[in-house]
Amino acid sequence: MAGLAPDSESSGADRGADAPVRADAIASRQRILEAARTLVGDRRVSMVEIAAAARVGRSTLYRHFATRQALEDALEDARLDTATSGPERHSHVSTMPFQSPGQLGRDRPLALEVTRVLDEVPPHLVPDQLVAEARRVGGVAVALYVVDIDGSHLLRLAGSEEFPERIDDPPALGPEIAPEGLVAFYDRLQAKLPGCVAEPLWLRGRVIGLLLCVGSPVSDLSDVAKQGAAALELANDYTDYIESARRRKPTSPAAEIQQNLFPPRIARIAGAQLAGVLLPSYEVGGDWFDFVENRDGAWLAIADASGNGPTAAGLGAAALGALRAARRSGSDLEDALSLMHQTVRRLGNPDFFVTALVARWRAPTATLTWVSCGHPPPYLVDLDDKLTALDGPEHPALGTGGDDNLQFESAHHQLQPGQRLILLTDGVIGRTTEAGGTFGVAGLRRALERTAEPTAAATAMAIQQAVTDCWSEPLEDDATIVVLAVS
């Protein structure tokens, strides 16, 4: 595992053609191969994620491996070299994927069977067990950090109190770190904690925490971190301890309901990446977003329930429950919206309504199908960063009108590789700015100009930052963002 020093490798153009390869270039190539060996088995892992895991910039990655195929060929060459060197050098490797407490680490990665952890370690002690195991394998002091639910801090979950309780400004969407921001964050972290080394906890292309070490571990911790990420995710269903640590202050009841509605903030799906974020995270409660990948395509939805506080949170939860029930019953978009509409109406309050946009992405045809009900339109970002609102049939907000049996008409648009789709609630567009105006579509365009990478997570983070920065006052309403970036 490499330290937090910035990626210092110079380009090949800076050296003569016959000059020896620099030591830092060799180290970078080795880190890339080690990261890829762990991640590249999943075809949906992006080169951006591999670069982040290797702690190198994208330009360095592409200098060593111009294409994904070149990287996979290098991995295969390394595998064959290892195979021809003889099996005896690896004969000490255990075949037990997860051992009892104090014996969870291994010298080489093996198949993941993290469920065994819960058979041997109480769920609220899994973080402490992970730190103890990382300390045993690495031979250094270790602390485990998770991300605050609003993405503003890393919070120490387990480990020595000599480590800071909080670390500011991780590149996060809610409680997950975006891989695109890792390399720059390592540089900032090095300035604050010189000599420390970080190991990310990867889970399906997202980072749910960091192991922070004092000095370089004597053995690589990537396998412990990978297993630990899955173990924490499983343990989280059996204890409040991990979720409590993600909250640096008490949440309102409405916000707690809202937090439990969300899917992972970052996801890979066939043919695209998805990212979603909600602002703020400790109050209000009416907005939600959802995405899931099924056999009939990937569903994504965004909604805003009327009212505020627990009433809005409960109304939003009822609408989302109807959507998920319809999806899991094999319904199409129109039938799902009908059930959502009927559910809101049957709550019996004429003031209840939900604006929503529900969509389905089919990767083989690169087609997005959606239905909008009283909601802001979807926005398309072209390869040249041109922003366009997509037209489609308009329907009233769910729960309004005098009929339980509304008819819904869907819209369709074929997306091209490199394009991005942005879904928003009116809390983004209507956000008040310091000058007294509103954030609006102009603010959205300015945010896109500041986007570091044309990925889903980087785009969502740029919009999130722009909405937060446009006025020092708290948001007046929930502001929710969902981005789909076509691969």
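The values are calculated or read from the model by the stated rules, or taken from the named source; none is laboratory data. Only a predicted model underlies this, so the values are computations on that prediction, with no experimental measurement involved. Glycine also receives a Cβ, built like all others from the backbone with ideal geometry; neighbour counts cover every protein chain displayed. To get the accessible areas, we keep the full protein, side chains included, count just its heavy atoms, and leave off ligands, DNA and RNA. Shrake-Rupley method; radii C 1.70, N 1.55, O 1.52, S 1.80 Å.
Could you tell me which trypsin sites (Lys or Arg not before Pro) in the stretch 429-468 are loop residues by DSSP with no more than 16 other beta carbons within 10 angstrom of their beta carbon? Could you put the intermediate results ahead of the total?
Details: sites: Arg431, Arg445, Arg446, Arg450; in loops: Arg431, Arg450.
Those that pass, being in a loop and sparsely packed, are Arg450.
Compute the accessible area per residue over the stretch 134-174, keeping the other protein chains in place, probe 1.4 Å, unit Å². Before the final figure, lay out each step's value.
Details: 1440 Å² over 41 residues.
I get 35 Å² per residue for the stretch 134-174.
What nm value, rounded to one decimal, do you get for the distance between Asp469 and Arg204 when each label is placed 7 Å out toward the C-beta?
Output for this residue pair reads 3.2 nm.
At 1.4 Å probe radius, can you tell me the per residue accessible area of the stretch 191-275 in Å²? Could the numbers behind the result be given before it?
Values: 3180 Å² over 85 residues.
Ligands and nucleic acids excluded, the figure is 37 Å² per residue.
Using DSSP loop states and a limit of at most 12 other Cβ atoms within 10 Å to flag GluC sites (Glu not before Pro), what is the longest stretch of the chain containing no flagged site?
Here the longest run is 166-408.
Rounded to the nearest 500, what is the 222 nm mean residue ellipticity of the chain from helices alone, with -39500 (n - 2.57) per DSSP H run of 4+ residues and division by all residues? Can you show the working numbers first?
On the way: 15 runs with 166 residues, N = 487.
Helix contribution divided over all residues of the chain: -10500 deg cm²/dmol.
How many percent of DSSP beta bridges within the chain run antiparallel, rounded to 5? Please report the intermediate quantities before stating the final value.
Numbers: 74 of 76 bridges.
So the antiparallel bridges in the chain amount to around 95 percent.
Tell me, how many Å apart are the Cα centres for the stretch 219-251 and for the stretch 406-434?
33 Å
Given 0.36 nm per residue, what is the gain on full extension from Arg445 to Arg295 after removing their alpha carbon distance, in nm?
On the way: separation 150, 0.36 × 150 = 54.00 nm, distance 3.45 nm.
In short, 50.6 nm is gained.
Mind listing which trypsin sites (Lys or Arg not before Pro) in the stretch 304-396 are in a DSSP loop and have 16 or fewer other Cβ atoms within 10 Å? Let's see the in-between values first.
Values: sites: Arg324, Arg327, Arg328, Arg345, Arg346, Arg360, Arg362, Lys386; in loops: Arg346, Lys386.
Passing sites in the stretch 304-396 are Arg346, Lys386.
Dipole magnitude of the chain about its Cα centre, charges +1 at Lys/Arg Cβ and -1 at Asp/Glu Cβ only, in debye to the nearest 20? Walk me through the intermediate numbers first.
Values: 45 positive and 65 negative charges, 185 e Å.
So the magnitude is around 880 debye.
Below 26 Å, Cα to Cα, which lysines can Lys226 reach? Residues fewer than 8 away in the same chain don't count.
Once the sequence-local lysines are set aside, what remains near Lys226 is Lys192.
Using a probe radius of 1.4 Å on heavy atoms only, what accessible surface per residue do you get for the stretch 387-487? Whole Å² is fine.
Per-residue accessible area for the stretch 387-487 comes out at 45 Å².
Please give the FRET efficiency for Arg136 paired with Ser160, using the beta carbon to beta carbon distance and R0 = 22 Å, rounded to the nearest 0.05.
0.95
With the full set of protein chains in place, find how many percent of the accessible area of the stretch 256-339 is carbon and sulfur; take the probe as 1.4 Å.
Numbers: 1360 of 2720 Å².
That share works out to 50 percent.
Starting from 0.36 nm per residue, how many nanometres of slack lie between Asp404 and Ala270 once their C-alpha separation is accounted for?
44.7 nm
Run the paramagnetic zone check for Gln342: 7 angstrom along Cα to Cβ, then residues of the stretch 387-403 with backbone nitrogen under 15 Å.
399, 403
Take the solvent-accessible surface of the protein heavy atoms, probe 1.4 Å, and return the percent of it on the stretch 428-487 that carbon and sulfur atoms account for. Don't skip to the end; give the middle numbers.
Numbers: 1300 of 2500 Å².
Carbon and sulfur together cover 52 percent of it.
What is the spin-label model distance, in nm, from Asp332 to Ala184 if the labels are put 7 Å beyond Cα along the C-beta direction?
For the pair Asp332/Ala184, the computed spacing is 4.4 nm.
Can you compute the FRET efficiency between Gln416 and Thr67 using 1/(1 + (r/R0)^6), with r the Cβ-Cβ distance and R0 = 22 Å? Round to the nearest 0.05. Before the final figure, lay out the partial values.
On the way: r = 20 Å, r/R0 = 0.92.
Result of the calculation: an efficiency of 0.60.
Between the alpha-carbon centers of the stretch 254-280 and the stretch 167-186, tell me the distance in whole angstrom.
16 Å
Just to check I understand the Karplus step: with θ = phi - 60° and J = 6.51 cos²θ - 1.76 cosθ + 1.60, what whole-Hz values come out for the stretch 148-157, glycine and proline as x?
4, 4, 9, x, 8, 9, 8, 10, 5, 9
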